[in-house]
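The next block holds one structure in the form of structure tokens; read it before the comments.
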Amino acid sequence: MFWKKLFGGKKESEQVKEKVELEQEVKEDPEEEPGEEPRDEPKGRLQKAPKEELPEDPKEKERGFFKRLVSGLEKTKQGFVDKVEGIMTGRKVDEELFEELEEALIQADCGVETSVYLVDQLRERSRAEKITESEKLKEVLVEEIVAILQKNAAPLQTPQETPYVIMVVGVNGAGKTTTIGKLAYRFKQEGARVLLAAGDTFRAGAIEQLEVWANRVGVDLIKHKEGSDPAAVAYDAVNAAKARKTDVLILDTAGRLQTKVNLMAELGKVHRVVQRELGRDLDEILLVVDATTGQNAISQAKTFGEAVPITGIALTKLDGTAKGGIVLAIANELDLAVKLVGVGEQYEDLQDFDPNTFANALFGRQEKTLDKA
């Protein structure tokens with residue numbers, strides 16, 4: 001669960017220098033305008049970087065990402081995993097255990113369909129493998145969870161040509177702007193030339209909010225006036241990216257309720273304009289989903305998928321919910337990959353999603369993940 005480099009990358013010394021400059025420059029976030037989406041972006045003073053920092057060993061860097069993931073999943077561990085482990089500790093395997101486990105999974109936002117499927121798998125395997133002790137069954141549960149997460153698992157697409165274009169969609173409050181800002185930071189750290197496009201021309205303050213992120217990270221921004229046609233912004237952004245030989249273009253879109261048919265049609269129009277100007281399909285169309293919304297995330301994904309061809313999900317605010325089972329529900333009920341997860345406020349807390357690492361972080365299996373060498 002760490003960043004897979006998509007571009008050439010900068011020297012470690014350059015990354016350290018830029019990170020220090022960013023953290024010294026940004027003291028406080030701008031105040032949110034009324035109606036502006038809640039954000040999980042850095043608030044208050046950012047943590048100061050060490051005065052001197054040597055290039056990190058790749059394995060140590062991976063440990064750092066893993067520790068942040070474990071920390072970010074603490075609420076889910078307390079609300080979901082601890083309850084499951086309590087049910088499955090020191091007991092014999094019987095129908096009462098299965099019923100209690102199913103109830104716990106449903107309460108953790110795994111969804112009825114996924115919870116029933118998981119428990120049925122455990123019943124079947126316990127009979128086939130003659131499992132009588134709950135401790136052994138817990139290991140089987142982790143295996144089944146990983147199997148569900150791996151079903152549609154896929155990282156961000158590897159760039160085949162430039163500009164590498166990511167369109168970001170989702171309802172207001174999901175964390176789209178923050179996700180875009182963190183992605184821009186990530187790609188800039190890899191040495192890529194990044195361009196942002198302020199396609200949310202409807203929400204008051206949306207353009208200014210994205211502009212703050214662009215200035216903070218040090219990337220260019222294409223914007224029009226508030227109320228402008230978002231398809232026109234997309235048109236200008238693609239052509240600017242081509243002219244400037246930009247490596248990455250990240251397009252923001254208006255946050256909208258999935259029930260607004262006319263707004264969803266507008267989203268489809270923006271997609272068609274970008275596709276036409278590129279002369280090919282977009283590299284990624286990411287649906288940003290707030291993990292704290294629970295099962296509503298499923299309906300969001302289904303409806304947005306009717307408007308544009310979603311390629312993956314960025315699941316934000318996992319650090320803010322005790323019901324992280326929504327990750328399982330998305331993986332099992334939708335033919336979509338969870339590609340990114342947000343587990344904190346810092347720039348590097350938006351991580352690539354890896355099923356094994358996620359399960360290991362949840363169930364406290366750090367050594368198995370990091371010390372395999």
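The values are calculated or read from the model by the stated rules, or taken from the named source; none is laboratory data. Keep in mind it's a predicted model, so treat the numbers as computed, not measured. Cβ placement follows ideal geometry from the backbone for every residue including glycine, while neighbour counts extend to all protein chains displayed. Ligands, DNA and RNA are stripped out before the accessible areas are found, and what is left, the full protein with its side chains, is counted by its heavy atoms. Shrake-Rupley method; radii C 1.70, N 1.55, O 1.52, S 1.80 Å.
Listed values for region 265-281 are Karplus-derived 3J(HN,Hα) couplings in whole Hz (6.51 cos²θ - 1.76 cosθ + 1.60, θ = phi - 60°), namely 5, 4, 4, x, 5, 4, 4, 5, 5, 4, 4, 5, 6, 6, x, 6, 6, and x replaces Gly and Pro. Backbone geometry of region 84-94 corresponds, through the Karplus equation with coefficients 6.51, -1.76 and 1.60 at θ = phi - 60°, to 3J(HN,Hα) couplings of 5, 5, x, 5, 9, 10, x, 10, 7, 7, 8 Hz, x marking Gly and Pro.
In this structure the amide hydrogen of residue 285, modeled in the peptide plane, comes within under 5 Å of the amide hydrogens of 167, 311, 312, none closer than 5 places in sequence on its chain.
Accessible surface comparison of 348, 96, probe 1.4 Å, protein chains only, largest first: the order is 96, 348. Normalised per residue, the accessible area of region 199-289 is 40 Å², obtained with a 1.4 Å probe and no contribution from ligands, DNA or RNA. Spacing of the modelled spin labels on residue 229 and residue 132, each 7 Å from Cα toward Cβ, amounts to 7.4 nm. When each of the peptides 195-205, 146-156 is scored by the mean number of other C-beta atoms lying within 10 Å of its residues, the order from highest to lowest reads 195-205, 146-156. Each label point was placed 7 Å from the Cα along the Cα-to-Cβ direction; for residue 244 and residue 116 their separation is 5.1 nm.
The mean accessible area for residues of region 311-354, using a 1.4 Å probe and ignoring ligands and nucleic acids, is 21 Å² per residue. Taken over region 208-344, lysine pairs spaced eight or more positions apart, or on distinct chains, with alpha carbons under 29 Å apart number 26. Between residue 124 and residue 263, the FRET efficiency estimated from the beta carbon spacing at R0 = 56 angstrom works out to 0.80. For region 64-149, the number of Lys pairs with C-alpha atoms closer than 27 Å, counting only pairs eight or more positions apart or on separate chains, is 19.
Accessible area of residue 120 (1.4 Å probe, protein heavy atoms only, ligands and nucleic acids ignored): about 70 Å².
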